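Student: Have a look at the structure that comes next, please.
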Amino acid sequence: MKNAQHIKIRQSEYASLKQELLRLRAQAARQEQAEAKAAALESEKMQLEAEKAVLEQALEEERDRFRRAIKGLMQRRSERYQTASINEEQLSLFAEQLVALAQSLQAQHTPLPQRSKSKQPRRAHPGRRPIPEDIPRLNILLEPQEDLTGCVRIGEEVTEELDYIPGHFFVRRFIRTKYARPQAEGMLIAPAPVRVIDKGIPGPMLLAYILVSKYADHLPLYRQLMMFKRSGIDINDVTLNGWVKQVIALLQILYERIRSSMLGSNYLMADESTIRVLDQDKKGATHLGYYWAYRDPVEGSVLFVYEKGRAGKYVRDHLSTFSGYLQTDAYTAYDSMPKANEGVTMVGCWAHVRRKFADALVVEQEQASYFVEQIQRLYAIERFCRTEGLSADARLDARAQAKPILAGIKTRMLDLAPTLTPKNALSIAIHYTLKQWDELLVYTTNGILEIDNNLVENSIRPIALGRKNYLFAGNHEAAQRAAVVYSILATCKARQINPLAYLADVLDKLPARTVNNIDDLLPWNWKPDNSMEQLYKM
């Protein structure tokens with residue numbers, strides 16, 4: 001090798017340099033290990049912080065669930081605002097006592113003690129309500145047992161006792177007299193009456209009673225059969241089911257008129273409820289169907305439509321020709337209505353908002369109570385309007401007082417939203433409200449609108465009660481037949497009409513009417529018939 005330079009060092013110096021090289025290599029290896037360990041620790045730290053955040057969120061959710069359970073145990077279930085609360089220290093103390101009590105009772109196999117009722121001051125009794133004058137009276141004359149010779153009658157004392165005779169059957173006999181025409185020109189007889197069920201034995205009052213008992217009083221048909229049998233009337237179950245089907249088919253025309261009338265309205269409320277239906281394709285299985293409920297709060301009419309699902313296509317189909325205000329909860333199926341029908345204006349429901357913030361009271365009592373109290377102020381304005389019987393225009397003027405309250409609610413929500421975790425109950429309530437804020441303000445723009453859609457929810461309650469008794473519908477057709485009766489009965493209730501008297505009168509007259517001659521039988525035009533009223537009071 002040219003230009004190579006040779007350096008001569010001592011063996012001791014070479015050994016020293018070699019030792020220094022080994023030292024530097026060892027130092028470099030230790031530094032690499034330290035850096036790798038630091039990186040691993042940093043990665044582990046980040047992982048632990050992420051796990052900590054997840055655990056803190058889970059802990060907050062469990063605390064939320066526990067507070068809800070304690071609230072449900074200690075307080076009545078109510079939407080009314082209650083200022084009483086349980087702080088964190090009381091909550092943990094109560095939890096420990098609850099667990100200890102449960103363990104001791106389980107060990108002793110003794111039942112839980114009954115909670116004693118708190119003593120409250122007795123309210124003054126409002127007095128006995130009078131017995132209605134139109135109820136038939138049975139007079140029983142009681143005379144003194146002594147000799148009345150020479151006594152002058154100066155008056156009487158009357159004591160009334162309300163009693164009851166169990167429902168009884170009677171037979172209506174149509175007697176058609178036959179006449180022979182003079183000079184053997186044939187026979188003369190009145191035409192046979194038009195019956196609800198051709199060649200059937202049930203009368204309109206009996207059929208009305210069966211429908212009201214099943215769909216308003218939630219008494220299944222088989223129970224009614226047992227009641228009839230105790231009165232000496234033995235009816236086959238297939239026969240009774242046939243009666244119900246034929247009567248509902250007759251009432252279908254009234255149902256269609258209610259439906260067309262509601263589509264012509266400019267203000268509807270909507271909601272939905274489930275119904276189990278036997279699945280014919282799967283033995284023993286049921287299909288979860290839905291009753292879509294619509295209510296016209298101005299005219300007081302209610303419509304139920306059965307569908308197999310809960311998708312938005314159903315409501316779009318039901319209300320394809322509707323134009324006006326549609327008040328609903330925040331269910332997403334209704335979101336497409338304004339796009340599908342430009343004539344529809346969505347209106348929000350403050351009752352659902354209030355429930356969300358009431359649920360948040362057990363988590364963020366101080367912050368949530370502000371919203372609950374402000375919403376109560378909104379409802380106080382509505383209560384004043386109802387109490388005073390204000391017109392739509394006057395109610396709109398009164399609602400001007402709600403605008404600063406609404407502005408304050410929105411400002412507080414926008415301030416709090418960034419400070420709360422996503423799954424916090426108060427955060428959920430705030431985002432639920434902000435998502436539909438524009439719809440929640442619409443009620444302040446028109447005096448005919450209500451602050452919530454509780455009216456349609458009240459119309460759905462009989463269905464929820466009925467589900468506990470008859471459990472399911474036999475098929476999809478039976479579910480829709482039930483929707484026909486539910487619609488008529490709910491409309492009667494909304495208009496404060498006696499459903500038994502109404503159905504008895506309608507079923508007595510409807511078989512002889514044409515489609516174009518039933519206006520007087522519609523619930524909003526109907527007036528009680530004296531003859532049916534007398535039968536109803538028998």
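Student: Collect the residues in the range 337-374 that are aromatic (Phe, Trp, Tyr) and under 25 Å from residue 322 (Cα atoms), keeping them in residue-number order.
Tutor: To start, the set of residues in the range 337-374 that are aromatic (Phe, Trp, Tyr) comprises 350, 357, 370-371.
Correct list: 350 only.
Student: Can residue 296 be described as within 17 Å of residue 489 (Cβ to Cβ) and not hydroxyl-bearing (Ser, Thr, Tyr)? It would help to see each step written out before you state the result.
Tutor: Numbers: within 17 Å of residue 489 (Cβ to Cβ): yes; not hydroxyl-bearing (Ser, Thr, Tyr): yes.
When the stated conditions are applied, residue 296 passes them.
Student: State all residues of the range 300-321 that are surrounded by fewer than 18 Cβ atoms within 10 Å (Cβ to Cβ), in contact (Cβ under 8 Å) with a residue 40 or more places away in the chain and touching a Phe, Trp or Tyr at 6+ places or on another chain (Cβ under 9 Å); if no residue qualifies, say none.
Tutor: 308
Student: Please verify whether residue 283 is basic (Lys, Arg), modelled with pLDDT under 90 and closer than 27 Å to residue 215 by Cα, treating the condition exactly as stated. Let's see the steps before the verdict.
Tutor: Details: basic (Lys, Arg): yes; modelled with pLDDT under 90: yes; closer than 27 Å to residue 215 by Cα: yes.
In short, yes.
Student: Now for a separate question. With (1) touching a residue at least 24 places away in the same chain (Cβ under 8 Å); (2) closer than 30 Å to residue 308 by Cβ as the list, and residue 410 as the residue in question, which single condition is left unmet?
Tutor: For residue 410, the failing item is (2).
Student: Check whether at least one residue in the range 207-220 is over 30 Å from residue 491 (Cβ atoms) and either charged (D, E, K, R) or in contact with a strand residue (DSSP E or B) (Cβ under 8 Å, 6 or more places away or on another chain) (or both), and report yes or no. Working first, answer last.
Tutor: Initial filter on the range 207-220 (over 30 Å from residue 491 (Cβ atoms)): none.
Looking for residues that are over 30 Å from residue 491 (Cβ atoms) and either charged (D, E, K, R) or in contact with a strand residue (DSSP E or B) (Cβ under 8 Å, 6 or more places away or on another chain) (or both), one finds none in the range 207-220, hence no.
Student: Identify, by number, the condition in (1) in contact with a strand residue (DSSP E or B) (Cβ under 9 Å, 6 or more places away or on another chain); (2) among the small types (Gly, Ala, Ser); (3) in the same structural domain as residue 412 (by TED's automatic domain parsing) that residue 447 doesn't meet.
Tutor: Single failed check for residue 447: (1).
Student: Something else: Please find, among 390, 406, 414, the residue that is exposed (fewer than 15 other Cβ atoms within 10 Å of the Cβ) and either more than 21 Å from residue 325 (Cβ to Cβ) or at pLDDT 90 or above (or both). Working first, answer last.
Tutor: Details: 390 fails: exposed (fewer than 15 other Cβ atoms within 10 Å of the Cβ); 406 fails: exposed (fewer than 15 other Cβ atoms within 10 Å of the Cβ).
On inspection, the qualifying residue turns out to be 414.
Student: From the list 324, 309, exactly one residue is touching a strand residue (DSSP E or B) at 6+ places or on another chain (Cβ under 7 Å), farther than 29 Å from residue 477 by Cβ and either of a type in the set (Gly, Ala, Ser) or modelled with pLDDT under 90 (or both). Which is it?
Tutor: Values: 309 fails: farther than 29 Å from residue 477 by Cβ.
Just a single option satisfies the conditions, and that option is 324.
Student: Can you go through 405, 375, 381, 409 and tell me which one is under 23 Å from the mean Cα position of the chain (by Cα) and of a type outside the set (D, E, K, R)? Let's see the steps before the verdict.
Tutor: On the way: 405 fails: under 23 Å from the mean Cα position of the chain (by Cα); 381 fails: under 23 Å from the mean Cα position of the chain (by Cα); 409 fails: under 23 Å from the mean Cα position of the chain (by Cα).
Criteria check complete, one pass: 375.
Here's the yes/no breakdown for (1) on the phi > 0 side of the Ramachandran plot; (2) at pLDDT 85 or above; (3) among the aliphatic types (A, V, I, L, M); (4) in the same structural domain as residue 422 (by TED's automatic domain parsing):
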{"site": "26", "(1), (2), (3), (4)": "no, no, yes, no"}
{"site": "37", "(1), (2), (3), (4)": "no, yes, no, no"}
{"site": "40", "(1), (2), (3), (4)": "no, no, yes, no"}
{"site": "47", "(1), (2), (3), (4)": "no, no, no, no"}
{"site": "52", "(1), (2), (3), (4)": "no, no, no, no"}
{"site": "60", "(1), (2), (3), (4)": "no, no, no, no"}
{"site": "64", "(1), (2), (3), (4)": "no, no, no, no"}
{"site": "67", "(1), (2), (3), (4)": "no, no, no, no"}
{"site": "73", "(1), (2), (3), (4)": "no, no, yes, no"}
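Student: Hey, any hits in the range 438-452 for a residue that's outside any helix (DSSP H, G or I), under 29 Å from residue 58 (Cα atoms) and modelled with pLDDT of 90 or more?
Tutor: No; the residues of the range 438-452 include none that is outside any helix (DSSP H, G or I), under 29 Å from residue 58 (Cα atoms) and modelled with pLDDT of 90 or more.
Student: If you scan the range 282-298, which residues turn out to be in a strand (DSSP E or B), surrounded by 14 or more Cβ atoms within 10 Å (Cβ to Cβ) and not polar (S, T, N, Q)?
Tutor: Initially, the range 282-298 is screened for residues in a strand (DSSP E or B), giving 286-296.
Then drop every residue that is not surrounded by 14 or more Cβ atoms within 10 Å (Cβ to Cβ), which leaves 286-287, 289-296.
Selection gives 287, 289, 290, 291, 292, 293, 294, 295, 296.
Student: Could I ask something else about it? Of all residues in the range 138-177, which are of a type in the set (Ser, Thr, Tyr) and either at pLDDT 85 or above or farther than 30 Å from residue 201 by Cβ (or both)? Give the steps one after another, and end with the answer.
Tutor: Keep residues of the range 138-177 that are of a type in the set (Ser, Thr, Tyr), which gives 149, 159, 164, 177.
149, 159, 177, listed by residue number.
Student: Residue 208 fails exactly one of the following numbered conditions: (1) small (Gly, Ala, Ser); (2) crowded, with 18+ Cβ neighbours inside 10 Å; (3) within 30 Å of residue 311 (Cα to Cα). What is the number of that condition?
Tutor: Exception for residue 208: condition (3).
Student: If you don't mind, another one. Looking only at the range 299-332, count how many residues are assigned to a strand (DSSP E or B) and farther than 19 Å from residue 480 by Cβ. Reasoning before the result, please.
Tutor: Narrowing the range 299-332 to residues assigned to a strand (DSSP E or B): 301-307, 324-327.
Still in the list and also farther than 19 Å from residue 480 by Cβ: 324-327.
Selection size over the range 299-332: 4.
Student: Quick check: is even one residue across the range 250-257 within 19 Å of residue 334 (Cβ to Cβ), in a helix (DSSP H, G or I) and either more than 23 Å from the chain's Cα centre (by Cα) or basic (Lys, Arg) (or both)?
Tutor: No, that holds for no residue.
Student: Could you list, in sequence order, all residues of the range 259-281 that are assigned to a helix (DSSP H, G or I) and surrounded by 15 or more Cβ atoms within 10 Å (Cβ to Cβ)?
Tutor: Our first condition is that a residue be assigned to a helix (DSSP H, G or I); within the range 259-281, this holds for 259-263.
Passing the criteria: 259, 261, 262, 263.
The values are calculated or read from the model by the stated rules, or taken from the named source; none is laboratory data. Model, not experiment: these values are computed from the prediction. In this analysis, Cβ positions are derived from the backbone assuming ideal geometry, glycine residues included, and neighbour counts consider all displayed protein chains.
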